[in-house]
Amino acid sequence: MEVDSVFYTDRSGRVASNPLLDQLPSYQSLLYRRKSSTSTNKRKGSTRTRLSSSGSGKWGGSTVRRQDEKQKAQTEQRPIRELAKTMAEKRRNKTQQLEEARDLSSWRQWKQNTRRNLRKLRDDAKDWLSSLQLWRGDIHMIEGMFGTGILSYFSFLRFLVMLNLIIFLLMFGFVMLPIIIASHSSGNTTYNQNDGSVCSVYPSSARRGLVIYHEHITDLLSGGGFLEQTYLFYGYYKVDKIFFSNATYNLPLAYLLATIAYLFLSLIWIVKRSATGFKRSLVSDEDRFQSFCNKIFAGWDFCITNENAARLKRSSLLYELRTDLEEERIKQKIADRTRKEKCRIYLIRLILNLFVIGVLAGCFYSIYVATIFSQEAQAKYAKGNFIVDLIYEYLPSIVITLANFITPLLFSVIINFEDYSPAFEIRFTLMRCVFMRLTSIGVLLFSLWSQITKCGDDPCICGYNHVLYSCWETRVGQEMYKLTIFDFIIIVAVTIFVEFPRKLIVNHWECGLTKWWGQQEFAIPQNVLEIVYGQTICWIGTFYCPMLPAICTIKYFFIFYIKKVSLINNCRPATRPFRASRSYFFFLGVLLIGLALACLPVAVSVAQINCSQACGPFVNYTTSWEVLTTTVYELPDGVRTLLLTLSSEAFAVSFFVVTCLAMFYVIALAGAHKRVINQLREQLVMEGRDKRFLIQKLCQAQRIPSVKSPVSNSRHRSSSSSSPSYHTSFSNNFNEALFLANSPPDSSTHV
């Protein structure tokens, strides 16, 4: 064994540790951990023996060889153009691959060429599919001008457009298309016939005689009149069964299964897309020091090409750093609070939260009263005045919009007195806004159902108020339709009559007030809440208004261009950004809350409330869910037994237990991955300390010859001519180590 550098290399080629390496911080830390673990676990044996057999830490020969072989295999599989190497190295690799290919057999050469061509074909197919992506060029332009933060909003909007389009195709293919085919072909159709009872009377709302033009506008905005008896609403689908040449199509069953399918499809799609964001949040950095480093050294968005956007990005990074420092200051302040200060701040928060609850209760009560007044006014008063009729029709929508506009402003003022951290202030305010927006829809539906199931002094013969709501599903669908139309009108009106004039005033009227007012900010969380609110209405209303997904697709299509024009011409990015706004996981999490809220009223109406006996596909059933149980009992014995077993309580309990076990396994796996990530972070930290230690030793080794006498220097030079000294080899190897320390890290040492 000879010593030619800091490592000992034996004749077999293995790398063993050097006494200098025993001084490395990583070695000392590993030695300490293994000594502590050896005291509790005797099976680990001697730490020194294990270290010497496998090499010191990351310098173990077998480990290095395994990593090199693995990295080489991954490099051979990847195209040369994707490797993080210089052009000279890529050319050398290409030449080496060509030389190695000449020595291969014809069969191996054919396999490699086939694999290479298939990879190229797959890449070309991916590029072609990405070129067909909706709004690809517009989104790239927005990304270049304003960065990835605002890009996430428009990507989320594109996702909702695709989701609504798929939902519409699902409803169209299984509900509308069979009726259209049967009406234009030889297929026989059976309709739900009126049995002559009072429950089956369905008076038409179509206008008779000469119709004034503004009445058509009222019908178009409210969904009544000529629109009520179209494919747009639930009441039009009176078909029971469609008989084709060799099959019978059960439309009520298809209607119910399509409803379950679009809700389940939305759930699966959202969960699948949010998995990526959850993985990123799982490995998110919790160390504040590393957070500072990431913001300083890796926080810049290199997609920005606009000078103004770059200036705003710089200020946003400065703001985030100030926010982090402010959070640290607040944490220290919280830790130093006395008992008296804690009691005071908790009392203030209690009072303010009670005030917030009172504001929310007042808003919900206003929505409830407005809905009842609107329904009664439409039933009692004759339609004659265009403006008054529209106010009666849209009164619940107007109240909901005002509540959604006023409460966020009030919440943003209240939160300043509750003494939370800046990050928690934004999250808490947004959660209050989410609760306000989504719960207002639930209050509206509760108000409608309280009127639908209220029969006054007379008993409900039909299970609902058949006098005022002969087809109550269509009335609910009309309310969802009006909310969708009014939401779109408000977005367009705010853009034209608020944001555009504000831009003109700020640019052309210079005074202290306009400077304080400033240009309109593109607040990403508030804009996301707007479209989540609209999507929740779409999910609820699709059962009562099957064409609503098509309307929402068109609505979001136009909103994309409206927001794009407003962003470029009227708005600027928010100077106080919300950190989660750049995380797609936050958007999908809020959307998942909206889906959960949408499933509740649909499930109640399907399983609990009696169906209308005058319209719709479920006339022959008490509830919509009854068609599924009736169809199951008509199936063959084996299939029926299987389905009943799957819906039994024993299977439900077993499935719940298995699901819990799977969930616990996933949680344990996530915890194990988290521990591995923490260990890798610690390894990165220790590698940095090792490099610092080695550089210090290098500096010390370079200073030693300079302080020696000339005689000793001459002796040193004469001895170095015959055999290399320790310090010379030490200096050369540590210069190489210094070069490697400043080179880009490879993928094997970073997460």
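Structure above, values below:
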| read-out | value |
| --- | --- |
| Packing-based order for 595-601, 135-141, 249-255, 330-336, using average beta carbon neighbours within 10 Å, highest first | 249-255, 595-601, 135-141, 330-336 |
| Peptides 363-372, 94-103, 514-523 ordered by average Cβ neighbours within 10 Å, highest first | 363-372, 514-523, 94-103 |
| FRET E, pair residue 315, residue 347, Förster distance 35 Å, beta-carbon r, rounded to 0.05 | 0.45 |
| Within-12-Å neighbourhood charge of residue 342 [Cβ basis; K, R +1; D, E -1] | +3 |
| Rg(Cα) / (2.2 N^0.38 Å) computed for segment 291-434, rounded to two decimals | 1.58 |
| HN-Hα J in Hz across segment 616-627 - Karplus 6.51, -1.76, 1.60, θ = phi - 60°, x for Gly and Pro | x, x, 9, 5, 7, 10, 6, 10, 5, 5, 5, 5 |
| Cut-off 13 Å, label 7 Å out along Cα→Cβ of residue 337, residues of segment 403-421 by amide N | 417-421 |
| Per-pair calculated FRET efficiency, R0 = 30 Å: residue 190 and residue 230 via Cβ, rounded to 0.05 | 0.90 |
| Cβ-based net charge around residue 326, under 11 Å, with every Lys or Arg adding one and every Asp or Glu removing one | -1 |
| Gyration tensor (alpha-carbon) shape descriptor, segment 350-430, a/c threshold 1.5 | prolate |
| Using distinct alpha-carbon pairs, which all enter the 1/r mean, Kirkwood radius of segment 467-543 in Å | 15.2 |
| Prolate/oblate/rounded call for segment 437-480, Cα gyration tensor, a/c under 1.5 rounded | oblate |
| Residue-by-residue Karplus 3J(HN,Hα) for segment 467-474, coefficients 6.51, -1.76, 1.60, Hz, glycine and proline x | 6, 8, 10, 5, 10, 5, 4, 5 |
| Net charge of neighbours whose Cβ lies under 15 Å from the Cβ of residue 553, counting Lys and Arg as +1 and Asp and Glu as -1 | +1 |
| Above-threshold pairs, the threshold being 25 Å between Cα atoms, out of 380/482; 85/120; 503/563; 241/272; 111/272 | 241/272; 111/272 |
| Per DSSP, loop GluC sites (Glu not before Pro) in segment 439-511 with at most 11 further Cβ within 10 Å | 510 |
| Protection proxy ranking of 662-673, 229-240 - average other beta-carbon atoms within 10 Å, highest first | 229-240, 662-673 |
| Shape parameters for segment 296-374, alpha-carbon atoms, Rg then Dmax in Å | 22.0, 59 |
| Gyration tensor verdict on segment 399-535 (Cα atoms; rounded if a/c is under 1.5, prolate if a/b is larger than b/c, oblate otherwise) | prolate |
| Residues residue 454 and residue 604, FRET efficiency given R0 of 25 Å [Cβ-Cβ distance, rounded to 0.05] | 0.95 |
| Additional length obtainable on full extension of the chain from residue 267 to residue 596, 0.36 nm per residue less Cα span | 117.5 nm |
| For segment 539-670, the fraction of alpha-carbon pairs in successive 10 Å shells from zero, as % | 9, 18, 28, 23, 15, 6, 1 |
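Read-outs throughout are calculated quantities, based only on the coordinates presented, and are distinct from any laboratory measurement. These numbers were taken from a predicted model, which means no experiment stands behind them. Note: ideal-geometry Cβ built from the backbone for every residue, glycine included; neighbour counts use all protein chains shown.
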